[in-house]
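Values in this text are rule-based calculations from the coordinates and carry no lab data. Predicted model, so just to flag it, every value in this text is computed and none were measured. Cβ placement follows ideal geometry from the backbone for every residue including glycine, while neighbour counts extend to all protein chains displayed.
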Amino acid sequence: ARQEGMENDQILLARQEVAFAKEDFEEVLSIGERLENSQDSDTAAYSCILPSKVWGKTGDYDAQAEYLEKAYALGGDNRCLRELGSSYLTAAENVSRSSREMYLKRARECYEKLEESYGVTYRDQLNRAVICEELGDYQEAKSRLELMEESYPEEYQIYMHLAYICLKQGEEEPEDDSYYEEAVSYYRREVLKTSVWLNWKNPSRAETGQ
């Protein structure tokens, strides 16, 4: 019976994802309420993430925080941790300064658990570096981005964030011009990688010189 209940929960979870894609937010919230007490804690946690996104879209950040905290307390598998880390990072853009720091730290913890237990994707690594950047831990952010550069040398976002960090460091230490010089260097590399990427996506640009 327990196995059957878990299978039914997975079907409901799939329906919730379809409802979210269709922007049927009432259905998303309704299914979330039904799955909150699922026997599988990861299913229960994951079912809270989409409602949190609904509340974020509608601007009710208190309700969003409530659902994120429920998911954080319950979830532990890689899919839930990845979604939760991304959700906290996005939610941090729309809350007060004190809540923002807490959300960023929650996101960081999710990515730390992912890294320790499951392995991480390019996006996971980039998000963790951005979190360090947003928390003001510039050296950690730069170290992570420079390490990523070795594995993903064609990804322009790495150079973009390295340039951002150098600019932020320059603002904090205006007497040191080296940060701005470094930012310009990274910016040039970002522009080069962006141009290569655009030409790869649209070969006609390279042929016409656009």
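Taking Leu35, Leu89, Leu147 as the candidate residues, the one with maximal mean-square fluctuation in a Gaussian network model of the chain, Cα springs under 10 Å, is Leu147. Computed packing ranks the peptides 162-174, 61-73 as 61-73, 162-174, most packed first, by mean other Cβ atoms within 10 Å. Between 0 and 90 degrees, the angle of helix 61-74 with respect to the longest Cα principal axis of the chain falls at about 80 degrees. Taking label points 7 Å from Cα along the Cα-to-Cβ direction, Val18 and Gln139 give a separation of 5.3 nm.
Beyond 22 Å between alpha-carbons counts as too far, so tell me which of Lys57/Lys168; Lys53/Lys105; Lys22/Lys105; Lys57/Lys113 fall in that bin. The pairs that break the limit, which is 22 Å between Cα atoms, are Lys57/Lys168; Lys22/Lys105; Lys57/Lys113.
Using every pair of distinct Cα positions in region 119-179, the Kirkwood expression returns a hydrodynamic radius of 11.8 angstrom.
Kindly express, to the nearest 10 degrees and within the range 0 to 90, the angle between helix 122-134's C-alpha long axis and the longest C-alpha principal axis of the chain. Helix 122-134 sits roughly 70 degrees off the main axis of the chain. Based on every Cα atom in region 8-64, Rg and the maximum pairwise Cα distance Dmax equal 10.5, 31 Å. If R₀ is 45 angstrom, what is the calculated FRET efficiency for the pair Ala73 and Val191, using the beta carbon separation as r and rounding to 0.05? E(calc), rounded to 0.05, equals 0.55. If I fit a long axis through the Cα atoms of helix 41-58 and take the longest principal axis of the Cα atoms of the chain, what angle between them do I get, 0 to 90°, rounded to 10? Relative to the chain, helix 41-58 is tipped by roughly 60 degrees. Treating each Cα of the chain as one equal point scatterer and applying the Debye formula with no solvent, the log10 of I(q)/I(0) at q = 0.13 Å⁻¹ comes out as -0.85.
Semi-axis lengths, largest first, of the ellipsoid equivalent to region 1-117 are 23, 18, 10 Å, with √(5λ) applied to each eigenvalue of the Cα gyration tensor.
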